[in-house]
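Nothing in this text is a laboratory measurement; each read-out follows from the coordinates by a stated rule. Everything numeric in this text was worked out from a predicted model, so none of it was measured. Note that each Cβ is placed from the backbone with ideal geometry, even for glycine, and that neighbours are counted across all protein chains shown.
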Amino acid sequence: MFSKQQAQEIKTEFWTAFGKSFPRKWILYDTKIKDFAFKFDAGPKSAAVALELHMKDFGLRETYFNKIWSLEDILKEYIGDYSRDLNFTLESGKTIARVWVELPDVSVYNKASWRDIFEFFVGKMDGFERFFHDYEDFIRAIEE
């Protein structure tokens, strides 16, 4: 097991290696939709790429989630099988809506799995971004 400091150093090394291996400007938070973001996550047992909706207003969060869900078959063409949860609870206790793909049985703490994680990240995030660009106008068209 690693100390907290060692774990943080490994994570820093991981993200630095990812950035150097795949230097690209990702959309992530730059969706131009408040509280609508794409995220990479690398943990001790799996890695994930996600679309997260952090809107405090449940109705607005649900509306965006349902817009995405209305395109479920199309999204699957871009990223493959995925999970979704309108009421996903983060470790912090905050509830968000989330659509994600996960790569099991890899670890940020195992350098031998880094290449698999990096390639998974690139492929899945590229799919999420292409989906977003192709359907951005539809997703943005929220009537309040």
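First check a/c for the range 85-144, with a ≥ b ≥ c the square roots of the eigenvalues of its C-alpha gyration tensor; if it is under 1.5, answer rounded, and if not, answer prolate when a/b is larger than b/c or oblate otherwise. Oblate. Estimated at 0.36 nm per residue, the fully extended path between D126 and N66 surpasses their Cα-Cα distance by 19.4 nm. For the pair the range 16-93 / the range 97-144, the C-alpha centres are spaced 7 Å from each other. The Cβ shell under 13 Å around H133 holds other residues with a net charge of -3, Lys and Arg each +1, Asp and Glu each -1.
Among 106-113, 22-29, the peptide with the highest mean count of other Cβ atoms within 10 Å heads the list, and the full ranking is 106-113, 22-29. Count the net charge of all other residues whose Cβ sits under 12 Å from the Cβ of S113, scoring Lys and Arg as +1 and Asp and Glu as -1. Local net charge: 0. Subtracting the Cα-Cα distance of F22 and I142 from 0.36 nm times their residue separation leaves 39.8 nm of extension gain. A simple spin-label model places pseudo-atoms 7 Å from Cα toward Cβ; at K56 and K76 they are separated by 3.7 nm. Taking 0.36 nm per residue of separation and subtracting the current Cα-Cα distance, fully stretching the chain between D35 and N110 would add 23.8 nm. Between rounded, prolate and oblate, where does the range 15-71 land on the alpha carbon gyration tensor, with a ≥ b ≥ c its root eigenvalues, rounded for a/c under 1.5, else prolate if a/b exceeds b/c? Note, shape of the range 15-71 comes out prolate.
Of K45/K124; K32/K67; K11/K94; K25/K56; K94/K124; K56/K76, which ones are farther than 21 Å apart at the Cα? Checking Cα-Cα distances, K11/K94; K25/K56; K94/K124; K56/K76 exceed 21 Å. Note that the range 32-137 shows a convex hull volume over its alpha carbon atoms of 100 Å³ per residue.
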